[in-house]
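Student: Okay, here's the structure, questions in a sec.
Computed from the coordinates by the stated procedures, all read-outs in this text should not be read as laboratory data. The structure displayed is predicted, hence computed values, not measured ones. Quick reminder, even Gly has a Cβ in these numbers, built from the backbone with ideal geometry, and neighbours come from all protein chains shown.
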2 protein chains.
Amino acid sequence: MTHRLRGPVRIVGTGLLGTSIGLGLAARGVEVQLADASPTAMRLAADYGAGRPAEPGDAPELIVVAVPPDVTAQVVAAELAAFPEAVVTDVASVKAVPLQELRAMGADVSRYLGSHPMAGRERSGALAGSGDLFVGRPWVIAGHDGISYARGSLVDDLILDLGAVPIESSPEDHDRAVAIVSHVPQLVSSLMAARLADAPDEALRLAGGGVRDVTRVAASDPALWIQILGANAPAVVEQLRALQGDLAAVVDALDDVDASGSRRAIADALAAGNEGVGRLPGKHGTHARYVPVQIRVDDRPGQLARLLADIGDAEVNLEDVRLDHAEGAQFGVAEITVLPEAVRPLHDALEERGWQVVA
Amino acid sequence: MTHRLRGPVRIVGTGLLGTSIGLGLAARGVEVQLADASPTAMRLAADYGAGRPAEPGDAPELIVVAVPPDVTAQVVAAELAAFPEAVVTDVASVKAVPLQELRAMGADVSRYLGSHPMAGRERSGALAGSGDLFVGRPWVIAGHDGISYARGSLVDDLILDLGAVPIESSPEDHDRAVAIVSHVPQLVSSLMAARLADAPDEALRLAGGGVRDVTRVAASDPALWIQILGANAPAVVEQLRALQGDLAAVVDALDDVDASGSRRAIADALAAGNEGVGRLPGKHGTHARYVPVQIRVDDRPGQLARLLADIGDAEVNLEDVRLDHAEGAQFGVAEITVLPEAVRPLHDALEERGWQVVA
């Protein structure tokens, strides 16, 4: 495989992200040196194939700091001091605070360029790592004026070598953006899920796909999210205050639903939601909206495969596929999302092959 | 096909639900009589196969009122008066208000038993209807003391004939339950999505699976939801006030994140979310948590089918399957959710067949 980085690359912190970066670079032939505050964790990542243990005398070209957000600046500063020739990046989910802290410490930020891969999962640790974790995912570079183009381009090379899509941003814009598309959705999901914590069992039996979608990310690790939210508190609070205002308007309207303007206020909130969700980019960067087609699928191994094979035969490309099962049901409904122009041919092709197209 | 209802069944309102009920019953050999305030809508449903137009002299055994929530009680009362031998049910998403209204009107509730199928979608109208819409879905019967067992059992028969799962509840318990698992999640999703409405394009480019999940149902029809929320306002407001309290605690904590107790307050909110989402029932009524396995899938027709065929060959049964694509990516990641004990065999079987298991 080819790579842009010459290397070697030193990775500090061998959790999910550090290990995944190591695996991805090692698979492309880059020399990777691994370090971790826990020698056991480092050894595990090395055994897993993410690189070799760091040694005295190592001279990395690029250092990737992949430690928890609340110690990121401190570790970056130590690396800048220990390796005066190396460029250092980090992968923390917040970008303004670490840069401020580094400047306050007097660290040499002419060799530091923070970044943030938009890839993660609910699982953590080296064994959840994969060299493909970043493939096709956005990876933000939080640019600043203190670093030269030549040095910064090493971080571009890292991102491209891992198959990710570099996106330039200022640290402040990045933090505001992830507040909106990641941190606030996480909190909203957690707050909604908390309503389920003391709900009657009978209520939970009625749960369908909607509440499952809304609460899915509420399963994330609190320990990590406290750090992320704490480090991006101002941007998150700004969004949450706007949310509080909108929520209060809905509560007021529902509290006196027959008052003049109440139904209009609720309609406005729902319409704003329509507009917002419509702005999320679709696959391949388009804003096109896709259309769901629902097909009955028996709950037996191979049924969904047969359906998707038939869809493949019909030369229809899927945007998304989801399975929906109700409690107590022995079969479910597959929702296939396709481009609008594919709905009719898909419908016909599936019915011809004996599938029950529900809608 | 067999059926429990003798029929005939009269359906008033030939939108998505009425048409779907008609299609399901007609396919099972039950005589279905269709009525709608719009003769055009009724004719469309009849042409679609949902039954025949109602005629003078019809003597239905059971009447299903499937009209918008805000006119449900009025239409039910008219049907009770027009057909003094028939049992009447409705399918509105709220149950306490229609029963109160009927009693206030002096309607003969000894022949009325409200119900609510937990099946719907973002699309509406007769042509989105399907006789399979209710298969395997919960369908609440909102019991009350004024109707005899013999009469009420006709509604059970309807539900069972349509393949749904009858769940008994009081109207009040039903309304509180759907506030928690349907109405509040809808509003929370809309309010979150509204935050995206004026977000910068650059922020939206960073959107991943989390925000998509949280905002998916925000695409629902405002006109219908105003009626649903309006008719269940007290139960929804009760939940929203609790949500406001939790949200205020998080905002206060984030607003002074280094104060004593702030991080603990955020952790508590996140942990409550963990607990709540963990209570959602899994497939087949179990509370087991499933485990995700992620596999790289090229973005070509047939690739996902090939993957799922290989999973079927491995005799592994899927709980869920999802595709995740990043903007600009030419391929994505399929997340297969399976029982914990299936992870290892699935992993091995897929790698053996040349798939890249990401985690």
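Student: Between beta-carbons, use under 13 Å as the cut-off and find the net charge around B:I228, counting Lys and Arg +1, Asp and Glu -1.
Tutor: -1
Student: Any number yet on Rg/Rh for segment A:9-169, C-alpha, Kirkwood?
Tutor: Checking Rg against Rh, the ratio lands at 0.92.
Student: Out of all DSSP beta bridges in chain A, what portion is antiparallel? Express it as a percent rounded to 5. Spell out each step's value before the answer.
Tutor: Values: 18 of 38 bridges.
Here the share of antiparallel DSSP bridges comes out near 45 percent.
Student: Would you mind checking which residues have amide H under 5 Å from B:Y112's amide H? H placed 1.01 Å from N; only 5 or more apart, or other chain.
Tutor: Under 5 Å from the amide H of B:Y112: B:V88.
Student: When a/c reaches 1.5 or more, the comparison of a/b and b/c decides; with that in mind, is segment B:175-278 rounded, prolate or oblate per its Cα gyration tensor?
Tutor: Note, shape of segment B:175-278 comes out oblate.
Student: Can you order the peptides A:263-273, B:91-101 by their average number of other Cβ atoms within 10 Å per residue, highest first? Show your work: numbers first, answer last.
Tutor: On the way: A:263-273: 20.0, B:91-101: 23.0.
My ranking of the peptides, most packed first, is B:91-101, A:263-273.
Student: Using Stokes-Einstein with the Kirkwood hydrodynamic radius over Cα pairs, what translational diffusion coefficient do you get for segment B:143-212 at 37 °C and a viscosity of 0.692 mPa s, in µm²/s rounded to a whole number? List each step's numbers first, then the result.
Tutor: On the way: Rh = 16.0 Å.
It comes out at roughly 206 µm²/s.
Student: For the residue pair B:L160 and B:V291, what label-to-label distance in nm results when each label sits 7 Å from Cα along the Cα-to-beta-carbon direction?
Tutor: So the two model labels end up 4.0 nm from each other.
Student: Using the beta-carbon distance between A:E352 and B:S124 and R0 = 25 Å, what value does 1/(1 + (r/R0)^6) give for FRET efficiency, to the nearest 0.05?
Tutor: 0.40
Student: Additional query: Taking neighbour counts of Cβ atoms within 10 Å as a proxy for exposure, in what order, fewest first, do B:D157, A:D252 appear?
Tutor: So the ranking, lowest neighbour count to highest, is A:D252, B:D157.
Student: Run through every distinct alpha carbon pair of chain B and return the Kirkwood hydrodynamic radius in angstroms, one decimal place.
Tutor: 23.4
Student: In which sequence would B:E79, A:E335, A:E352 go, from the one with the fewest C-beta neighbours within 10 Å to the one with the most?
Tutor: Least crowded to most crowded, the residues run A:E352, A:E335, B:E79.
Student: In Å, what Rg and Dmax follow from the Cα atoms of the protein assembly as shown?
Tutor: 27.6, 97
Student: Near the amide H of A:R10, under 5 Å away, which other amide H atoms are found, from residues 5 or more places off or on another chain, if H is placed in the peptide plane?
Tutor: Residues meeting the amide H criterion: A:Q33, A:E61, A:L62, A:I63, A:V64.
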